[in-house]
Amino acid sequence: MVVETRTADFISLNEGQLSYGERKVWLHPLLILSSEGIFLVDPGAGLLPHREDEHYPTQTAHFPIDLCLSDYGVKPDEVRFILLTHLHFDHIGNLVDSHKLTFRSALHIIPYAELHRLEHPHPGQPPFLYNRSLFSSFLSHNPDLRYLQKPEHITPWLEWIPTGGHSPGHCILLFSVEEKQKILHTGDLFIFPFFLTYGRNLNVHENPEIIEEWKSKVHNWLEGGSRLYFYHSENPWFTKEEQ
């Protein structure tokens, strides 16, 4: 689906689907075509390696990111900005492809607080959430990097907002696309739209209390006519009318 605004075109890509037991999650990198260049938010998991761990997800479908981009006439080398909401494996796997940097011309914008979790896994979280070797391989190619720690405007219409909660450095992205309406990329602050319900959370969140605090803010955006983008939901776009 393409959402056209005065600022940019927002395109949901379908990179594939993961199965965690009986639960399925989708992978929807967000492609943004703007006058400032081409942006890609959370480029996807890539092709998962085979694992014997019974808790490790299985991949029920996979569409390589270059094919997803080619559907809209975009090549990986044309992407100018890679924005990562956090460093869980299912959001960063496509940073490298066949031991090569996938987006060689892009500035990669990364939450700085995520680096500590790469080195020091949370004892209550599945160890596979952070793929340290993959990220080390990514760094070995000397990508153009920028680490952020506090709220900042990447462009006049794109604001980077750290939230924590899901992971130490987790962030959301707020796009001011029209005079009053906005698009909010929720990252994994809410895995699916129904997790906007107060008191409903997942055990994959490191700090559920923070998630609860953000729910009222996000509901206010919805009431104001904003549209939400859910990376893992079957239908990534969500508005108040669809609630």
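Mind checking the log10 I(q)/I(0) for the chain at q = 0.09, 0.13, 0.14 Å⁻¹? Debye, one equal scatterer per Cα, no solvent, two decimals.
Listed by q, the Debye log ratios stand at -0.34, -0.76, -0.90.
How big is the gap, in Å, between the Cα center of the stretch 199-218 and the Cα center of the stretch 166-181?
Answer, in whole Å: 16.
Hey, what's the Cα Rg ratio for the stretch 101-243 versus the globular rule of thumb, 2.2 N^0.38 Å?
Relative to the rule-of-thumb radius for its length, the stretch 101-243 sits at 1.11.
Rounded to the nearest 20 Debye, what is the dipole magnitude of the stretch 119-238 about its Cα centre when Lys and Arg each give +1 and Asp and Glu each give -1 at the C-beta?
Working: 9 positive and 13 negative charges, 11 e Å.
That gives a dipole near 60 debye.
Would you work out the charge dipole size for the chain about its Cα centre, treating the Cβ of every Lys and Arg as +1 and the Cβ of every Asp and Glu as -1, and quote it to the nearest 20 debye?
240 debye
Counting DSSP beta bridges in the stretch 33-155, what percent are antiparallel, to the nearest 5?
25 percent
What accessible area per residue, rounded to a whole number of Å², is obtained for the chain using a probe radius of 1.4 Å?
For the chain, the per-residue accessible area is 47 Å².
Under 27 Å between alpha carbons: how many lysine pairs meet that in the chain, if sequence neighbours fewer than 8 apart on the same chain are excluded?
For the chain, qualifying lysine pairs total 15.
For the stretch 96-168, with only Lys/Arg (+1) and Asp/Glu (-1) charged at the beta-carbon, what is the dipole magnitude about the Cα centre, in debye rounded to 20?
Using only the charged Cβ atoms, the result is roughly 120 debye.
Ranked highest first by the average count of other Cβ atoms within 10 Å around their residues, in what order do 183-195, 62-74, 94-106 fall?
With the highest mean Cβ count within 10 Å placed first, the list reads 183-195, 94-106, 62-74.
Tell me what the chain gives for mean residue ellipticity at 222 nm when only DSSP H runs of n ≥ 4 count, each as -39,500 (n - 2.57), the sum divided by the residue total, rounded to 500 deg cm²/dmol.
Estimated from H runs of four or more residues: -4500 deg cm²/dmol.
As I understand it, the dipole of the stretch 85-231 uses +1 on the Cβ of Lys and Arg and -1 on the Cβ of Asp and Glu, about the Cα centre. Which of Asn220, His170, Ala106 lies farthest toward its positive end?
Ala106
At a threshold of 8 angstrom on Cα-Cα distance, excluding pairs fewer than six apart, so keeping six or more, what relative contact order does the stretch 42-155 reach in percent?
28 percent
Can you give me the Cα centroid spacing of the stretch 103-159 and the stretch 68-92 in angstrom?
14 Å
Sequence gap at least 6, Cα distance under 8 Å: using those rules, report the relative contact order of the chain to the nearest whole percent.
Value for the chain: 16 percent.
In whole Å and largest first, what semi-axes does the C-alpha gyration tensor of the stretch 50-169 yield when each eigenvalue is scaled by 5 and square-rooted? Please report the intermediate quantities before stating the final value.
Details: eigenvalues 105, 89, 37 Å².
Equivalent ellipsoid of the stretch 50-169: 23, 21, 14 Å, largest first.
Taking θ = phi - 60°, what integer Hz values does the Karplus form 6.51 cos²θ - 1.76 cosθ + 1.60 yield along the stretch 81-88, in sequence order, with x for Gly and Pro?
Karplus values, whole Hz, x for Gly and Pro: 10, 10, 10, 10, 6, 5, 10, 5.
Ignoring ligands, DNA and RNA, what percent of the accessible area of the chain is carbon or sulfur (1.4 Å)?
Taking all protein chains in place, the chain shows 49 percent carbon and sulfur surface.
The values are calculated or read from the model by the stated rules, or taken from the named source; none is laboratory data. This is a predicted model, so every value here is computed, not measured. Glycine gets a Cβ as well: all are built from the backbone with ideal geometry, and neighbour counts include every protein chain shown. All accessible areas refer to the heavy atoms of the entire protein, side chains included, with ligands and DNA or RNA removed. Shrake-Rupley method; radii C 1.70, N 1.55, O 1.52, S 1.80 Å.
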